[in-house]
Amino acid sequence: MLIPSKLPTVGTTIFTVMSQLANEQGAVNLGQGFPDYPMHKELIELVYQSMQQGHNQYTHMNGLPLLREKLSQKMYDLYKAVIDPDQQITITPGGTYAIYTALTALLSPGDEVIVFEPAYDSYIPNIELNGGIPVLISLQYPDYSIPWDEVKLKITHKTKLIMINSPHNPTGAVLTDHDLQQLKKITENTGIFILSDEVYEHLIYDGYSHLSILRYPELFMRSYVCFSFGKTYHCTGWKLGYCVAPAEMMAAFRKIHQFNCFTCDTPKQVALATFLENKDAYLGLGQALQEKRDYFRLLMKETPFTCIPSHGSYFECYSYNGYSDEADMDLAIRLTKEYKIATIPVSAFYKNGEDNKVLRFCFAKNRTTLEKAVAGLNRI
């Protein structure tokens, strides 16, 4: 029996489409954002130990208490934020789940949500599923900065939420203190909330600091802040993350959470609570990934693509303007089939398909993988 779709205009995600095409064509997949190198052996061993020790039943709905305590300490160490582990942190099955749950807790039909494009592909469907209205603002190409004057013009009495993402997927753009001060001015003395997607908090380069919302008390008081263990510890398949918010907002979040997944994987939480003591594992992540990004840039210099510098995340975007007039989706498909390298067309991150002739590449790969991928492009 046919079920009327709540998302009639939505098809299969671009990540699934391009990964499937890469598999069919035997192409190197620099499209979807996941590493092809192993995660920390110590963390694997800690999971094994926690299972052997019997930590295999439900843990607390809000997350393992010890893990939340360790996260609270980490956030104080990094951002000088005083976070109550009992009332302000919830462990979630991934960052995307945290974003969806926050939107579900917050939005009512007709609420407007300001979204900056290009945007991670779950944002707009999640808003629409909850009856919200996405108000779309394009980041300024090619540096993908926020046009704050336009934001001010788009604020109405219906504006419920502004969504931000730094380091940014898909572009690797990073918010500055100027950006956060502008956000502060726009939202102060209003009922506007903020959702801050910070899953790439430790993947930041070129001497930049991650300016978490947690650093800004006036912003945090109205914010849901979403994080990812998978991005930090090279284990995207674990689908574990967490959300941080003021107590009143977190109480609303947990009302949704308790009737959805209820709780998350216990042995992995036990392992993470111990592994968080290894600060080098996340503090050294930026340098390690920057080396991969820099090596990828070096390889790409011999191709017809022009780098649009990334300062964070797994990704760097490249313009092919001057090489081809093809639509980015068409070029991405052709590169996969003819040159055996899969990418993501950046138009897929715009609701209207805005095409600036840009492709997104994931550089979180082994050197041999990057070399093999770019070798194909060198044949162009």
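The values are calculated or read from the model by the stated rules, or taken from the named source; none is laboratory data. What you are looking at is a predicted structure, and each value in this text was computed from that prediction instead of being measured. Neighbour counts run over all protein chains shown; Cβ positions are idealised from the backbone, glycine included. These area figures cover heavy atoms from the full protein model, side chains too; ligands, DNA and RNA do not enter into them. Shrake-Rupley method; radii C 1.70, N 1.55, O 1.52, S 1.80 Å.
Suppose we filter the range 60-94 for residues that are surrounded by 15 or more Cβ atoms within 10 Å (Cβ to Cβ) and farther than 15 Å from GLN269 by Cβ; how many remain?
Number satisfying all stated conditions: 7.
Check the range 257-269 and report whether any residue there is touching a His at 6+ places or on another chain (Cβ under 7 Å), within 28 Å of ILE44 (Cβ to Cβ), open to solvent by 10 Å² or more (accessible area, probe 1.4 Å) and in a helix (DSSP H, G or I).
Yes, because at least one residue in the range 257-269 is touching a His at 6+ places or on another chain (Cβ under 7 Å), within 28 Å of ILE44 (Cβ to Cβ), open to solvent by 10 Å² or more (accessible area, probe 1.4 Å) and in a helix (DSSP H, G or I).
If a residue must be within 21 Å of LEU161 (Cα to Cα), of a type in the set (Ser, Thr, Tyr) and open to solvent by less than 10 Å² (accessible area, probe 1.4 Å), how many such residues does the range 202-240 contain? I'd like the intermediate steps shown before the answer.
Applying the first criterion (within 21 Å of LEU161 (Cα to Cα)) to the range 202-240 yields 211-227.
Narrowing further to those that are of a type in the set (Ser, Thr, Tyr): 212, 216, 223-224.
Checking which are open to solvent by less than 10 Å² (accessible area, probe 1.4 Å) leaves us with 212, 223-224.
Counting residues in the range 202-240 that are within 21 Å of LEU161 (Cα to Cα), of a type in the set (Ser, Thr, Tyr) and open to solvent by less than 10 Å² (accessible area, probe 1.4 Å) gives 3.
Is it true that ILE155 is among the β-branched types (Val, Ile, Thr) and crowded, with 20+ Cβ neighbours inside 10 Å? Even if it seems obvious, please write down each step before you answer.
Values: among the β-branched types (Val, Ile, Thr): yes; crowded, with 20+ Cβ neighbours inside 10 Å: no.
No: the conditions fail for ILE155.
Tally time: how many residues in the range 54-76 are touching a residue at least 24 places away in the same chain (Cβ under 8 Å) and either in contact with a Lys or Arg (Cβ under 9 Å, 6 or more places away or on another chain) or in a loop (DSSP other than H, G, I, E, B) (or both)?
Going through the range 54-76 one residue at a time, the tally reaches 11.
Which one of the conditions (1) in contact (Cβ under 8 Å) with a residue 12 or more places away in the chain; (2) under 24 Å from TYR37 (Cα atoms); (3) of a type in the set (Gly, Ala, Ser) does ALA375 fail to meet, given that it meets all the rest?
Result: ALA375 passes all but (1).
Against the conditions (1) open to solvent by less than 30 Å² (accessible area, probe 1.4 Å); (2) of a type outside the set (Phe, Trp, Tyr); (3) not in a loop (DSSP other than H, G, I, E, B), where does THR104 fall short? Just the number, please.
(1)
State yes or no: is LYS268 basic (Lys, Arg), touching a residue at least 40 places away in the same chain (Cβ under 8 Å) and closer than 28 Å to HIS55 by Cβ? So that I can check it myself, show each step before the final result.
Details: basic (Lys, Arg): yes; touching a residue at least 40 places away in the same chain (Cβ under 8 Å): yes; closer than 28 Å to HIS55 by Cβ: yes.
Yes.
Of all the strands (runs of 3 or more DSSP E) wholly in the range 292-378, which have at least 2 residues that are modelled with pLDDT of 95 or more and closer than 18 Å to ALA27 by Cα? Lay out the reasoning, then the answer.
Details: elements: 306-308, 315-319, 358-362.
So the answer is 358-362.
If a residue must be on the phi > 0 side of the Ramachandran plot and either touching a Gly at 6+ places or on another chain (Cβ under 9 Å) or buried (at least 24 other Cβ atoms within 10 Å of the Cβ) (or both), how many such residues does the range 158-190 contain? Even if it seems obvious, please write down each step before you answer.
Of the residues in the range 158-190, the ones on the phi > 0 side of the Ramachandran plot are 172, 189.
Retained after the next criterion (residues that are either touching a Gly at 6+ places or on another chain (Cβ under 9 Å) or buried (at least 24 other Cβ atoms within 10 Å of the Cβ) (or both)): 172.
So the count comes out to 1.
Can you find a residue that is in contact (Cβ under 8 Å) with a residue 24 or more places away in the chain, out of contact with any helix residue (DSSP H, G or I) (no Cβ under 7 Å at 6 or more places or on another chain) and assigned to a strand (DSSP E or B) anywhere in the range 112-122?
For the range 112-122, residues in contact (Cβ under 8 Å) with a residue 24 or more places away in the chain, out of contact with any helix residue (DSSP H, G or I) (no Cβ under 7 Å at 6 or more places or on another chain) and assigned to a strand (DSSP E or B): present.
List, please: which pairs have Cβ atoms under 7 Å, are six or more places apart or on different chains, and start with a residue in the range 328-351 that is at positive phi and end with one that is part of a helix (DSSP H, G or I) and surrounded by fewer than 23 Cβ atoms within 10 Å (Cβ to Cβ)?
LYS340/GLN25; LYS340/GLY376
Does the range 7-30 hold any residues that are more than 24 Å from the chain's Cα centre (by Cα) and in contact (Cβ under 8 Å) with a residue 24 or more places away in the chain, and which are they?
Across the range 7-30, the qualifying residues are GLN25, GLY26, ALA27.
Of all residues in the range 123-179, which are small (Gly, Ala, Ser), under 22 Å from PRO345 (Cβ atoms) and out of contact with any helix residue (DSSP H, G or I) (no Cβ under 9 Å at 6 or more places or on another chain)?
Just the residues of the range 123-179 that are small (Gly, Ala, Ser), to begin with: 131-132, 138, 145, 166, 172-173.
Among the residues that remain, those that are also under 22 Å from PRO345 (Cβ atoms) are: 138, 145, 172-173.
Listed by number, the list holds a single entry, ALA173.
Would it be correct to say that VAL199 is modelled with pLDDT of 95 or more, assigned to a loop (DSSP other than H, G, I, E, B) and open to solvent by less than 30 Å² (accessible area, probe 1.4 Å)? Reasoning before the result, please.
Numbers: modelled with pLDDT of 95 or more: yes; assigned to a loop (DSSP other than H, G, I, E, B): yes; open to solvent by less than 30 Å² (accessible area, probe 1.4 Å): yes.
Yes: the conditions hold for VAL199.
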